[in-house]
1. Please work out which residue is surrounded by the fewest Cβ atoms within 10 Å (Cβ to Cβ), limiting yourself to region 169-209 and to residues that are in contact (Cβ under 8 Å) with a residue 40 or more places away in the chain and small (Gly, Ala, Ser).
2. Those residues that are of a type in the set (A, V, I, L, M, F, W, C) and touching a strand residue (DSSP E or B) at 6+ places or on another chain (Cβ under 7 Å), I need them from region 57-75; list them, please.
3. Would you check if there is a residue in region 190-202 being under 26 Å from TYR265 (Cα atoms), at pLDDT 95 or above and part of a helix (DSSP H, G or I)?
4. Any idea which residue in region 86-121 is farthest from the chain's Cα centre (by Cα), counting only those that are more than 7 Å from the ligand (Cβ to nearest atom) and outside any helix (DSSP H, G or I)?
5. Against the condition buried (at least 21 other Cβ atoms within 10 Å of the Cβ), aliphatic (A, V, I, L, M), assigned to a helix (DSSP H, G or I) and on the phi < 0 side of the Ramachandran plot, how does VAL396 come out, does it pass?
6. Looking at LEU43, LEU65, LEU50 in this structure, which one is at pLDDT 95 or above, part of a loop (DSSP other than H, G, I, E, B) and surrounded by 19 or more Cβ atoms within 10 Å (Cβ to Cβ)?
7. Determine whether region 424-434 contains at least one residue that is surrounded by fewer than 16 Cβ atoms within 10 Å (Cβ to Cβ), away from the ligand (no atom under 16 Å from the Cβ) and outside any helix (DSSP H, G or I).
8. If you go through region 210-249, how many residues are within 17 Å of ASP42 (Cβ to Cβ), crowded, with 20+ Cβ neighbours inside 10 Å and of a type in the set (A, V, I, L, M)?
Amino acid sequence: MTRLSFRPVDPTASKPFPVANATLPYWRTEHHEIDSHRSTEDLPTECDVLIIGSGLAGASTAYFLTDDNPSPPRIVMLEAREVCSGATGRNGGHCSMGSPAFIDSVIQKHGPEAAKELFLFTAAQIYAMKHVVEKEKIDCDYMLDRFVETFLNQSDADNIKETYEAQLKAGLDYINDVDIVNPKYVEKITGIKGAKTATSVTGAQLWPYKLVSSLLARILEKGCLNLQTHTPVHSVSVSPKGISIVNTPRGSIRAGKVVFATNAYTSGILPLYADKIIPTKGTNSHISVPKDTKFPPPHLNFTYGITYEPPQTRDYLIPRPDGGVICGGAKHTFYDAKELWWGNFDDSTLFPMASTRDHFETVMQDNFVGWEKSGAKVDRIWTGIMGNTADSFPHVGQVPGQPNHFILAGFNGSGMSMIFLTAKGVAKMVRDDVAFEESGIPRLFKTTESRLKLEVKP
Ligand SMILES: Cc1cc2nc3c(=O)[nH]c(=O)nc-3n(C[C@H](O)[C@H](O)[C@H](O)COP(=O)(O)OP(=O)(O)OC[C@H]3O[C@@H](n4cnc5c(N)ncnc54)[C@H](O)[C@@H]3O)c2cc1C
């Protein structure tokens with residue numbers, strides 16, 4: 001086993017590519033010993049399955065390829081930076097089932113059957129992750145919770161109520177888990193000042209970096225994974241005999257099958273997805289309460305989405321056991337400067353406007369009952385890159401025209417609710433040659449020529 005210090009990737013790349021010197025998220029302040037791991041000094045020359053990317057998508061694909069498999073394939077994982085240094089290490093630390101508004105938008109566009117399939121899939125994922133965390137004894141603060149989507153605007157609140165009631169009337173049995181907090185008590189229950197209504201669904205919070213790095217460590221222990229960090233893939237070609245050649249500055253690897261778990265950066269090495277998965281920059285913060293505060297705020301028992309009164313904007317946050325919160329969003333502070341976030345894959349810089357940080361500095365005092373005099377303040381702020389698609393669903397399955405190339409990428413802002421079981425399905429396709437339709441992955445995720453024709457808009 002060889003461990004290396006950080007070596008920057010090519011910072012001049014104009015195609016989407018992980019950049020050097022990324023901002024430091026809260027989740028990456030405690031490094032796992034495999035953070036900069038290289039299983040061997042040199043790259044292997046060949047393997048059965050080569051996975052590009054070590055976020056939740058790459059790590060869970062590797063996990064399901066090897067779990068309960070007496071003859072696992074020889075897997076190589078190549079990661080441009082450190083383990084889990086992309087979106088998974090920079091997000092809000094939360095996943096949840098679909099909300100009534102989300103279900104409604106899917107019903108309107110794709111019909112009730114597709115919506116049901118998707119909702120049940122996101123629900124199952126929460127418990128599937130819990131099961132693996134327990135089975136593998138992973139210490140990553142995984143906790144089931146209720147995710148409370150709160151609306152401060154009366155017309156939003158009216159719309160949500162109408163949508164929910166229409167779904168009840170239509171007899172959508174699968175929305176049993178969805179609840180609407182009685183508007184009479186919504187401020188008291190959510191603790192959010194001026195809340196007009198709130199929906200609640202089951203969700204989970206976790207330390208995503210700890211889940212991913214620990215999963216990878218377990219797979220390394222089994223001896224069937226060769227992990228190579230600080231090894232950017234610059235291109236993937238296919239020989240006339242159909243062998244995939246994966247090219248890096250450290251050499252090339254011949255691979256039987258290649259899995260692209262590269263999310264926002266996919267089009268950097270898979271041109272078919274240029275303009276189809278758009279890197280989109282977001283920001284997140286850790287807000288802490290001084291230990292010696294004279295006015296300790298109440299601990300929050302839910303995780304939250306908050307849609308404000310105009311300006312129309314939304315934040316999301318989870319309470320941390322350290323007494324602070326992780327809060328992301330603040331999009332209204334940078335929305336008009338489109339070039340700063342749309343098509344932007346530079347997570348080495350923060351949004352330059354002071355208003356972004358200022359928003360997080362006061363978000364708790366301004367909105368939460370009992371936090372007004374807490375002295376809560378931002379102690380860390382960072383950025384991360386999502387991969388946006390035309391219909392907000394990921395591209396998953398066999399890459400069109402390349403039967404040995406598989407993709408699970410283009411997870412938008414709520415990828416944590418979709419990735420884990422998607423990876424299980426992709427692993428089945430890779431490992432057992434099952435068709436997409438037999439993989440358990442929602443039909444809406446299948447990467448197809450027709451989806452690749454859709455235009456992606458901000
Ligand atoms: C600020 C922010 C907040 C978010 N909050 C939430 C949230 O609260 N809940 C939720 O559900 N989702 C959230 N998301 C979205 C979620 O984080 C992503 O959907 C998810 O993490 C994507 O996982 P992934 O493994 O596909 O991608 P990533 O975690 O980005 O992993 C891809 C990996 O591939 C590597 N890579 C890429 N190209 C190459 C290459 N050419 N060679 C080698 N390696 C390469 C990258 O370095 C990276 O490590 C948020 C995202 C951001 C940015």
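The values are calculated or read from the model by the stated rules, or taken from the named source; none is laboratory data. Predicted model, so just to flag it, every value in this text is computed and none were measured. Ideal geometry is used to build each Cβ from the backbone, glycine not excepted, and the neighbour counts take in all protein chains shown.
1. Checking each candidate, the answer is ALA170.
2. Those that are of a type in the set (A, V, I, L, M, F, W, C) and touching a strand residue (DSSP E or B) at 6+ places or on another chain (Cβ under 7 Å): ALA57, ALA62, LEU65, ILE75.
3. Applying the first criterion (under 26 Å from TYR265 (Cα atoms)) to region 190-202 yields none.
No: region 190-202 contains no residue that is under 26 Å from TYR265 (Cα atoms), at pLDDT 95 or above and part of a helix (DSSP H, G or I).
4. Start the filter on region 86-121 by keeping residues that are more than 7 Å from the ligand (Cβ to nearest atom), which leaves 96-121.
Okay, now just the ones that are also outside any helix (DSSP H, G or I), so 96-99, 111.
Values: SER96: 12, MET97: 14, GLY98: 15, SER99: 17, GLY111: 25 Å.
Among them, the one singled out is GLY111.
5. On the way: buried (at least 21 other Cβ atoms within 10 Å of the Cβ): yes; aliphatic (A, V, I, L, M): yes; assigned to a helix (DSSP H, G or I): no; on the phi < 0 side of the Ramachandran plot: yes.
No, not satisfied.
6. On the way: LEU65 fails: part of a loop (DSSP other than H, G, I, E, B); LEU50 fails: part of a loop (DSSP other than H, G, I, E, B).
It is LEU43.
7. Step one: list which residues in region 424-434 are surrounded by fewer than 16 Cβ atoms within 10 Å (Cβ to Cβ), which gives 432-434.
Checking the rest, the ones that are also away from the ligand (no atom under 16 Å from the Cβ) come to 432-434.
In the following step, the residues that additionally are outside any helix (DSSP H, G or I) were identified as 433-434.
Yes, region 424-434 contains at least one residue that is surrounded by fewer than 16 Cβ atoms within 10 Å (Cβ to Cβ), away from the ligand (no atom under 16 Å from the Cβ) and outside any helix (DSSP H, G or I).
8. 4
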